[in-house]
Every structure is written in C-alpha cells, then in structure tokens.
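Comments concern the structure below.
The values are calculated or read from the model by the stated rules, or taken from the named source; none is laboratory data. Here the structure is a predicted model, which is why all the values come from computation and not from measurement. FYI the Cβ positions are ideal-geometry reconstructions off the backbone, even for glycines, and counts take in every protein chain you see.
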Amino acid sequence: MENGHFIVFEGGEGSGKSRHSSAVAQRLRDAGHEVIHTHEPGGSTVCEMIRNVLLADSEEAVVPRAELLLFVADRAQHVESVIKPALEAGKIVICDRFSGSTFAYQIGGRQLPESDLIIAMDAYARNGVDPDLVLFLDIDPEIGLRRRQDDDKELNRLDLEELAFHQRVRDYFLQLADTNEQWVVQSTDGPKEANENILYSIVTDRLGL
C-alpha cells in the first residue's frame, strides 16, 4: 500500500488551526478518504501527559530549554505511535502543529540560541517523517489573542505571553514559509466559512485529492 499524505496546520494563537484542520479533515472523510486528525503537543496517551506538563499553569515555571526538550519528546512519541503508522497504512494525517511551531516558538519566540542544534533535535524526533503540505494560518497576533480571550476555552500559559513574544513567533513562521516550498500562507482574517473553503481547495489541489 502506498504511503498516505501528511498535512500540517500551523499558526499563532487564535489563528483557527483547530477549527479549520478539523473541518478540512471532515470534508476529506466525506469525500471518501480515511483521515487521522491529531495535534501537538498531545495526540496519544503519553503525549497528552507531556502536554499537561507543557501547558499547565504552575508555581514552578518550565524553563525554555526544558520546554524545548518536552516538545521534542512529544514529537518523537507522536511520530512513532500515531503519525508514521497511519501514513504507512495509506491514510491522510492532518496535524494541528508540528516542527514549524517548535522553530517559531522556541527559536523565534523564546529566542533560544543554537538554532542548528534545535533543527537537528527536531529531525531526530521526526525520524524521516516530513509533511507533504504545511498550511500557515496567518493572523495579526493582537487579533488572534483577542479571539482567544473571547472564546470560552481556558487560556494556557502560552496564550498569556506578552504581545512581543507572539509577534516574534509570527515573524519566524513567515520566514519559514518564505524558505520552504511545502508551505502555503493563508490569512484567516476573513469569515470562517470562506477560509475553510479556501483551505480545503488548497489541500485538494496541491495533493491531487
């Protein structure tokens, strides 16, 4: 059986990744495709435990280097337990966040040094798994954070970072999009239904689905 397709949705807080990745996944299922919709951090039993550590509000702050290592550990487990088996079974995998988020948040947002080391760590965690398509949902951080505050969902510690942090994250995402041909930038400022239609069309056109 041929390998499936791996599609990643990236973006800052409030960009609509979860909503749009879920909607595109369902539309692909409706079209007859077998689809796994997953997310990072999380996506499996072990990964959800790592997610709880990463996003929980705690009296003891998670230092940036430890945060990076937790994200990398989550990816290694996620790839082996969820993503790779699904791709080898010929399924479409749609993931809410992947390597781009690690680079944008840790190198861009946290401004961690030794970017080459971080990139190498990510490659080790991915173990040869690369997205066929990355959709970067672009939104002004102020608008995105306002959306998050207006939602009923509880804000996590990344949501509560200063605006300058989120601007650095966006800038790094855009740098990644400029230098990777698998990436497509799509603004999500407009109506949700229109954004969903555009994103679905990009996926089906780019991957021939």
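When Val82 is tested against (1) over 19 Å from Leu199 (Cα atoms); (2) surrounded by 21 or more Cβ atoms within 10 Å (Cβ to Cβ); (3) not charged (D, E, K, R), only condition (2) is not met.
Any chance region 193-208 includes a residue that's among the aliphatic types (A, V, I, L, M), within 26 Å of Pro64 (Cα to Cα) and within 17 Å of the chain's Cα centre (by Cα)? No, region 193-208 contains no residue that is among the aliphatic types (A, V, I, L, M), within 26 Å of Pro64 (Cα to Cα) and within 17 Å of the chain's Cα centre (by Cα). When Ala120 is tested against (1) hydrophobic (A, V, I, L, M, F, W, C); (2) closer than 24 Å to Gln167 by Cα; (3) part of a helix (DSSP H, G or I), exactly one condition is not met: (2).
Whether any residue in region 173-186 is within 26 Å of Ala56 (Cβ to Cβ), surrounded by 12 or more Cβ atoms within 10 Å (Cβ to Cβ) and in contact (Cβ under 8 Å) with a residue 12 or more places away in the chain is what I want to check. The answer is yes; a qualifying residue exists. Comparison of Leu145, Leu158 shows that the only residue that is over 14 Å from Val8 (Cα atoms) and part of a loop (DSSP other than H, G, I, E, B) is Leu158. Scanning region 166-193 for residues that are assigned to a helix (DSSP H, G or I) and modelled with pLDDT under 95 yields Lys192, Glu193. Scanning region 123-140 turns up at least one residue that is within 14 Å of Arg168 (Cα to Cα) and either in contact with a Pro (Cβ under 6 Å, 6 or more places away or on another chain) or among the charged types (D, E, K, R) (or both).
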